[in-house]
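The values are calculated or read from the model by the stated rules, or taken from the named source; none is laboratory data. Note that the structure is predicted; figures quoted are calculated from it, not measured. Cβ coordinates were reconstructed from backbone atoms using ideal geometry, including for glycine residues, and neighbour counts include every protein chain displayed. The protein model used for the area step is the full one, side chains on, heavy atoms only, and it has no ligands, DNA or RNA in it. Shrake-Rupley method; radii C 1.70, N 1.55, O 1.52, S 1.80 Å.
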Amino acid sequence: MPSRHTRKRIYLAMVVTVALGFLLPPTVNLNHFRARLSQSLSRSLGRQVSIQDVRLRLLPLPGFTFRQLRISDGEEFGAEPILQTSEDDGQSSVATLRVSSLWRGRLEIASISLTQASLNVVRAPDGHWNLERLITRAAEVPSAPTGRKQPEARTRFPYIEVRDSRINFKLGAEKKPFALSESEFALWLAAENRWNVRLKAVPLRTDESLSDTGTIKLSGSFDRASQFSEMPFHLEVSWERPEVNAITRIVRGHDPGWRGAVDLDVEIKGTPADFRGRMNGSVDEFRRYDIARTSPFDVRFNCDQRFRAEAAKNNAANQLDFKCKVPLESGTLSAEGELHPLGKSPDISVRFFASQVPLSSFVRALLHAKSTLPDDLTAEGVIDGGWSIARTSGSLVKWKGALTARKAALHSKALGPALMFPASVVVNFTAPQAVPISSRRKTTMQPETSRAVVEPFILDLGGDAQVSASFDTAGYRLELNGPLEWRRAMQVARMLGLQAPATDLQGSGLLTALYSGEWQHFGPPTVFGKAQIRSATLSLSGLSEPLRVSGGTLTFDAQSVHAEQIHGIFPRSDLAFIGDFNGARQCDRHLMCNVTFDLKTEDLREGALLKLLSPSPGGLSLPFFNSERQLEAKWLLEVPVSGSIAARHLSIHNLQADNMSAQLQLAAGKILVQRWSAEIFGGMHEGEWAFDLSGARPTITGTGSIKEGRAEELDVMLGETLGSGSFDLDYRLAMSGLNANQLASSTTGTGLFAWRNGELRAVHSEGEHSSPLAFSSWTGRFTIDKQRIALQNSKMTSTSGVREVSGEISFNREWNLKFLRANGSGFIATGTVNNPVVASEPAKLAEAR
C-alpha cells in the first residue's frame with residue numbers, strides 16, 4: 001500500500017492534470033495540423049475539405065475542436081458546398097479521439113459532433129444525387145464497426161452526429177424552398193457491412209412562416225455495395241401530427257383551406273434502384289377551415305409502393321407503382337397506378353375502385369367541405385365502379401370509367417320527406433373532346449378537359465323533373481328541368497345549402513335551373529334559372545293572408561331576380577294586381593333588395609290595404625298605418641324599393657279617384673310618392689307625398705294641385721250638398737300622428753284656390769226664399785292650423801259686385817265666414833256648411849268689421 005506521502009503526490013498530479021485539461025487546450029493552437037487534417041479528409045471523402053481554428057481538447061475526452069468545416073461538392077451539383085458549419089455564438093464542432101489508440105501511437109477518431117451545419121442534398125440534371133458518391137466512397141473504405149471494443153489494423157468508423165442543423169434540397173442550381181430545420185442526425189457503422197442512420201427534424205419552407213408542421217423522424221440502415229444503386233437499405237420514416245394546411249403550404253406554397261391532424265408511418269426496404277414501401281396514414285378531424293361540425297370526419301389509409309429505376313415491363317425510367325386503400329365504413333375506396341415522379345414529364349396512370357362505398361361516407365365528407373349544408377344531412381345507398389386518370393407527355397389528362405350509385409336517398413329535417421333517387425344513378429368519365437371555337441376569320445377546334453357526366457335521371461319533386469350534372473378539375477354544374485312543386489323545390493334548395501326564403505311557399509310550375517361553382521377558394525355556388533309559375537301561395541310576415549299567384553315568369557341568376565307578368569291576388573282583402581319585379585339577390589338582411597317594380601291593379605281600396613296590413617279591423621284611413629299599433633309588415637319598409645303603381649280606381653275613405661298612377665320609393669322606413677296623378681273630383685290631380693314611418697310618430701307631408709275640379713264631385717266625399725262650379729287648388733300639407741285624431745290635430749298647411757262659375761247652394765244671402773249665392777269667381781289663399789281652415793285675401797266676384805270673404809271653416813264643418821262689400825254691406829254665415837245661419841243686420845256687420 002502506498003504511503004500517505006505517495007498518495008498525496010498522486011492526488012496532486014491528478015489535480016494538475018485536470019487543471020491543465022481546462023487551461024492548456026484553448027492556448028494550444030493546432031493550425032499547423034489543420035492542413036494535414038484537411039488533406040486526409042479530402043482523400044477519404046473524395047471532395048475538397050477545408051477546416052478552420054483547430055484546437056486541442058483534453059477533457060472530458062481527448063480530441064480537438066474546430067470551426068467552419070466546408071466540404072465542397074462536385075461541379076455538376078453546383079458551386080455551393082455539400083456541407084458546411086457556421087458555429088455561431090462561440091460554439092465549436094468537436095472530434096474526440098479513442099484513448100486506447102493513443103497508447104498504440106496512432107490517432108483514431110471516436111466521434112465527430114458537428115453543430116449548426118448546413119447540408120445541401122442535390123439532384124443533378126442526369127438524375128444522380130450528390131450523396132451517392134459520398135456513401136459509395138464510405139463503403140469502399142475498409143472500416144471496423146463503430147462499437148467494436150478491441151482495436152485492429154482497420155480504423156474503427158467514428159460515430160458522426162449533427163445537431164441544430166438544416167438540410168436543404170436542390171434540383172440542379174435551383175434551391176427549393178422546402179427544408180428540414182432543427183435537424184439532429186447520427187451515422188455509425190453498426191456491423192461489418194451495415195451503417196445505421198437516425199434523423200429527427202422539423203420541415204419548413206424558407207419563403208413562408210409556418211407552424212404546426214410536425215416532426216419527421218427517420219431510422220434505419222444501409223449496407224455496403226459496389227454501386228450506390230445496389231446498396232440495400234431499410235428505413236422507417238414517420239411524420240407526426242402535422243396539420244393538413246402545413247403540409248399543403250410546404251408542398252404547394254399556399255394554404256388551400258383544409259384542416260386536420262395527420263400521422264404518417266412509412267417503411268421502405270430494397271435498393272435505390274428497386275425498393276418497396278408501405279405507408280399507413282390517418283387524418284383526424286379533416287374539414288374545411290371555417291367548418292366545425294359536432295361529429296368529426298376521420299380518414300384512414302394504407303398504401304404499398306414499389307419504385308424501380310428501370311421498369312422491365314414498359315422500359316420506363318423512375319417508375320413508382322402503388323396500391324392504396326381507404327376503408328369507408330363497410331366499403332372500400334382503393335387506388336392503384338404508376339407515377340414517374342423523377343422524370344422530365346410527370347406521367348401518371350391511376351385507377352380508382354369503389355367497392356360498396358356507403359353514400360353516408362360521401363355525405364359526411366361533404367358536410368366538412370361545405371358549410372351551408374344542414375348538420376343532420378345523412379344518406380342511404382352505396383357506390384360501386386371504377387375510373388382511371390392518365391396523362392402522358394404532351395397530352396391532356398384523360399378520364400375513363402363509370403360509377404353507379406344504387407338505392408340512394410337523402411335525409412334531413414330541412415327536406416321533410418326523404419329525397420329518393422332512382423334505383424341507379426350512373427356517372428361516366430369521359431376523355432377530352434375537341435369543340436369548335438369560332439372567330440371572325442375561321443373556326444378552330446379547342447380541346448376541352450376531361451369530365452365526369454351524370455346520366456340524366458328523373459327525380460320526383462312533386463313532378464317528374466329531369467336532373468343532369470357534370471364536373472371537371474375546375475368546377476361542377478347541376479341542371480334541373482321540368483315540373484315540380486315549389487315547396488319541395490325549396491326543401492331541396494335548403495338541403496343544398498342555398499338561402500331559400502323561409503316561407504311556406506306552395507304551388508307548382510315549370511323550372512329550368514343551373515347550379516354551378518368552382519372547387520377553388522370555396523366560392524359560393526351560383527344559381528341561374530327560369531320558372532314558369534302555374535300556381536303559388538306565398539305567406540309573407542306581417543300580412544293578414546297569403547299571396548296567391550296564378551301566373552307569371554321568374555328568371556334569376558347569381559346577382560338578380562326578374563319577375564314578369566305576375567298575376568297576384570290577396571283573396572280575402574280582394575286586392576289583385578299584375579306586376580313586374582326586379583331585385584338584387586346579394587343582400588345582407590333580406591331575400592331581395594334594391595327592388596324595382598311596375599304594378600297595375602283594377603281597384604285599390606284603403607280598406608283592402610288596412611285589412612291586409614293589420615289582423616284587426618279599423619285603423620288609420622291611410623295606407624301603411626295601423627291604429628295605435630306598430631306595423632307588423634315593417635320589413636316591407638326596410639327593403640330598398642322603387643317603382644311605379646297604377647290603379648283604374650282608387651278609394652281612400654270617401655275619396656274616389658280614377659286612372660291613378662305614381663312613382664314610389666321606399667327606403668329606411670320612408671315612402672316617397674312622386675308624380676302622383678289621378679282623375680279626382682272631375683279634374684286632374686298632380687302631386688308629391690312623403691310618408692316617414694321610421695320614427696315613433698309617423699309624419700306625412702304633401703304638395704300638389706287639382707285642376708278643373710268640379711264642386712259637385714265634392715258632395716260624394718263630404719256626404720253633403722256643397723255647391724257647383726269648377727275649381728283649381730294648390731296645397732301644401734304636413735301632419736304627424738298614429739291615428740286619425742292625432743293627424744287631424746297636427747295638420748298644418750297653406751294653399752291657393754280659384755272657384756269659377758259656382759254657387760253655394762245652402763247660402764241664401766237675400767233671404768230664405770232667394771236664390772243660392774252665385775259667383776263668377778272666388779279666389780284666395782288659405783292656411784290650415786288647429787283643425788281650422790282660415791281664408792286670407794279671398795275675393796268673390798258676382799253680378800252684384802265684389803265681396804271680400806274672410807273667416808274660418810273647422811274640420812267638423814262648422815264655419816264662420818263674412819261676405820262684405822266695399823260699402824260695408826254683406827252678410828255673415830255661421831253654423832254648419834250644410835245648414836248655415838245667415839245674418840245681415842247692420843249691427844252684426846259693424847261688429848264684424
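Specify the residue that is surrounded by the most Cβ atoms within 10 Å (Cβ to Cβ); the eligible residues are those in segment 533-546 that are within 17 Å of Arg487 (Cβ to Cβ) and touching a Ser or Thr at 6+ places or on another chain (Cβ under 9 Å). First the steps, then the outcome.
We begin by selecting, within segment 533-546, every residue within 17 Å of Arg487 (Cβ to Cβ); these are 533-540, 546.
Checking which are touching a Ser or Thr at 6+ places or on another chain (Cβ under 9 Å) leaves us with 533-536, 538-540, 546.
Working: Ile533: 22, Arg534: 15, Ser535: 14, Ala536: 24, Leu538: 17, Ser539: 13, Leu540: 16, Pro546: 18.
Looking at residues that are within 17 Å of Arg487 (Cβ to Cβ) and touching a Ser or Thr at 6+ places or on another chain (Cβ under 9 Å), I get Ala536.
Name the residues in segment 647-663 that are modelled with pLDDT of 90 or more and surrounded by fewer than 18 Cβ atoms within 10 Å (Cβ to Cβ), would you?
Arg648, His649, Asp658, Asn659, Ser661, Gln663
Which residue is farthest from Leu320 (Cα to Cα), if the candidates are limited to segment 287-309 and must be open to solvent by 50 Å² or more (accessible area, probe 1.4 Å), in a loop (DSSP other than H, G, I, E, B) and in contact (Cβ under 8 Å) with a residue 12 or more places away in the chain?
Residue satisfying both the conditions and the ranking: Thr294.
If you check Ser393, Ser349, Ser330, which single one turns out to be over 33 Å from the mean Cα position of the chain (by Cα), open to solvent by 30 Å² or more (accessible area, probe 1.4 Å), among the hydroxyl-bearing types (Ser, Thr, Tyr) and farther than 30 Å from Ala273 by Cα? Write out each step before concluding.
Numbers: Ser393 fails: farther than 30 Å from Ala273 by Cα; Ser349 fails: farther than 30 Å from Ala273 by Cα.
Answer to the selection: Ser330.
What about Arg194, is it over 30 Å from Ser371 (Cβ atoms), surrounded by 15 or more Cβ atoms within 10 Å (Cβ to Cβ), touching a helix residue (DSSP H, G or I) at 6+ places or on another chain (Cβ under 6 Å) and at pLDDT below 95? Full working, then the answer.
Working: over 30 Å from Ser371 (Cβ atoms): yes; surrounded by 15 or more Cβ atoms within 10 Å (Cβ to Cβ): yes; touching a helix residue (DSSP H, G or I) at 6+ places or on another chain (Cβ under 6 Å): no; at pLDDT below 95: yes.
No.
Suppose we filter Glu713, Glu708 for residues that are at positive phi and of a type in the set (D, E, K, R); which single one remains? Can you show your working first?
On the way: Glu713 fails: at positive phi.
Glu708 is the lone residue from the list that is at positive phi and of a type in the set (D, E, K, R).
Open to solvent by 40 Å² or more (accessible area, probe 1.4 Å), more than 22 Å from Ala138 (Cα to Cα) and part of a strand (DSSP E or B): is that true of Arg276 in this structure? Talk me through it step by step, then tell me what you get.
Details: open to solvent by 40 Å² or more (accessible area, probe 1.4 Å): yes; more than 22 Å from Ala138 (Cα to Cα): yes; part of a strand (DSSP E or B): yes.
For Arg276, the condition - open to solvent by 40 Å² or more (accessible area, probe 1.4 Å), more than 22 Å from Ala138 (Cα to Cα) and part of a strand (DSSP E or B) - is met.
Considering each residue of segment 796-811, count those that are assigned to a strand (DSSP E or B) and either loosely packed, with under 14 Cβ neighbours inside 10 Å or hydrophobic (A, V, I, L, M, F, W, C) (or both), and give that number.
First, pick out the residues of segment 796-811 that are assigned to a strand (DSSP E or B): 796-798, 801-810.
From the residues that got through so far, the ones that are either loosely packed, with under 14 Cβ neighbours inside 10 Å or hydrophobic (A, V, I, L, M, F, W, C) (or both) too are 796, 801-802, 805, 809.
Adding up the residues that qualify gives 5.
So which residues in segment 385-417 are part of a loop (DSSP other than H, G, I, E, B) and in contact (Cβ under 8 Å) with a residue 40 or more places away in the chain, if there are any at all? Full working, then the answer.
Kept after step one, since they are part of a loop (DSSP other than H, G, I, E, B), are these residues of segment 385-417: 392-397, 412-417.
Residues satisfying the conditions are Thr392, Ser393, Gly394, Leu396, Val397, Ser412, Ala414, Leu415, Gly416.
What pairs can you find where one residue is in segment 355-368 and over 20 Å from Gly386 (Cα atoms), the other is of a type in the set (Phe, Trp, Tyr) and open to solvent by less than 70 Å² (accessible area, probe 1.4 Å), and their Cβ atoms are less than 7 Å apart, with a gap of 6+ or different chains?
Correct list of pairs: Arg364/Phe297; His368/Phe286; His368/Phe297.
Just checking, does segment 142-159 include any residue being open to solvent by 40 Å² or more (accessible area, probe 1.4 Å), modelled with pLDDT of 80 or more and assigned to a strand (DSSP E or B)?
Scanning segment 142-159, I find at least one residue that is open to solvent by 40 Å² or more (accessible area, probe 1.4 Å), modelled with pLDDT of 80 or more and assigned to a strand (DSSP E or B), so the answer is yes.
Give me a count of the residues in segment 66-78 that are under 15 Å from Ile51 (Cα atoms), outside any loop (DSSP other than H, G, I, E, B) and either at pLDDT below 80 or open to solvent by 30 Å² or more (accessible area, probe 1.4 Å) (or both).
3
How many residues, within segment 820-849, are open to solvent by less than 20 Å² (accessible area, probe 1.4 Å), under 20 Å from Gln792 (Cα atoms) and at pLDDT 80 or above?
Number satisfying all stated conditions: 3.
For segment 79-98, name all the residues that are over 22 Å from Val121 (Cβ atoms), part of a strand (DSSP E or B) and open to solvent by 20 Å² or more (accessible area, probe 1.4 Å).
First pass over segment 79-98, keeping only residues over 22 Å from Val121 (Cβ atoms): 88-92, 94-98.
Then keep just the ones that are part of a strand (DSSP E or B); that gives 94-97.
Once the filter is applied, which keeps residues that are over 22 Å from Val121 (Cβ atoms), part of a strand (DSSP E or B) and open to solvent by 20 Å² or more (accessible area, probe 1.4 Å), segment 79-98 yields Val94, Leu97.
Sort through Phe577, Phe581, Phe624, Phe597 and tell me the only one that's over 36 Å from the mean Cα position of the chain (by Cα), at pLDDT 80 or above and among the aromatic types (Phe, Trp, Tyr). Don't jump to the end; show me each part of the working.
Working: Phe581 fails: over 36 Å from the mean Cα position of the chain (by Cα); Phe624 fails: at pLDDT 80 or above; Phe597 fails: over 36 Å from the mean Cα position of the chain (by Cα).
Only one candidate qualifies: Phe577.
Going by the conditions given, is Gly702 within 47 Å of the chain's Cα centre (by Cα), small (Gly, Ala, Ser) and open to solvent by less than 30 Å² (accessible area, probe 1.4 Å)?
Values: within 47 Å of the chain's Cα centre (by Cα): yes; small (Gly, Ala, Ser): yes; open to solvent by less than 30 Å² (accessible area, probe 1.4 Å): yes.
Against the criterion (within 47 Å of the chain's Cα centre (by Cα), small (Gly, Ala, Ser) and open to solvent by less than 30 Å² (accessible area, probe 1.4 Å)), Gly702 qualifies.
Somewhere in segment 401-414, is a residue at pLDDT below 90 and either in contact with a Lys or Arg (Cβ under 8 Å, 6 or more places away or on another chain) or buried (at least 18 other Cβ atoms within 10 Å of the Cβ) (or both)? Explain how you work it out, then say what you get.
If we filter segment 401-414 for residues that are at pLDDT below 90, which is where we start, we get 414.
Add one more test, that the residue is either in contact with a Lys or Arg (Cβ under 8 Å, 6 or more places away or on another chain) or buried (at least 18 other Cβ atoms within 10 Å of the Cβ) (or both), and what stays is 414.
Yes, some residue in segment 401-414 is at pLDDT below 90 and either in contact with a Lys or Arg (Cβ under 8 Å, 6 or more places away or on another chain) or buried (at least 18 other Cβ atoms within 10 Å of the Cβ) (or both).
Hey, could you check segment 743-775 for residues that are under 60 Å from the mean Cα position of the chain (by Cα) and open to solvent by 50 Å² or more (accessible area, probe 1.4 Å) and say which is farthest from Asp692 (Cα to Cα)?
First pass over segment 743-775, keeping only residues under 60 Å from the mean Cα position of the chain (by Cα): 743-752.
So of that shortlist, the ones also open to solvent by 50 Å² or more (accessible area, probe 1.4 Å) come out as 745, 748, 750, 752.
Values: Ser745: 18, Thr748: 16, Thr750: 20, Leu752: 26 Å.
In this case the residue turns out to be Leu752.
Looking at segment 27-52 only, could you name the residues that are modelled with pLDDT of 75 or more and either open to solvent by less than 50 Å² (accessible area, probe 1.4 Å) or closer than 27 Å to His128 by Cα (or both)?
Across segment 27-52, the qualifying residues are Ser38, Gln39, Ser42, Arg47, Gln48, Val49, Ser50, Ile51.
Checking the conditions here, which among Gly281, Gly385 is on the phi > 0 side of the Ramachandran plot, open to solvent by less than 60 Å² (accessible area, probe 1.4 Å) and modelled with pLDDT of 90 or more? Outline the logic, then answer.
Numbers: Gly281 fails: on the phi > 0 side of the Ramachandran plot.
Of Gly281, Gly385, the one residue that is on the phi > 0 side of the Ramachandran plot, open to solvent by less than 60 Å² (accessible area, probe 1.4 Å) and modelled with pLDDT of 90 or more is Gly385.
Of Ser226, Ser165, Ser238, which residue is open to solvent by 50 Å² or more (accessible area, probe 1.4 Å), of a type in the set (Gly, Ala, Ser) and either more than 25 Å from Gln116 (Cβ to Cβ) or over 41 Å from the mean Cα position of the chain (by Cα) (or both)?
Working: Ser165 fails: open to solvent by 50 Å² or more (accessible area, probe 1.4 Å); Ser238 fails: open to solvent by 50 Å² or more (accessible area, probe 1.4 Å).
Answer to the check: Ser226.
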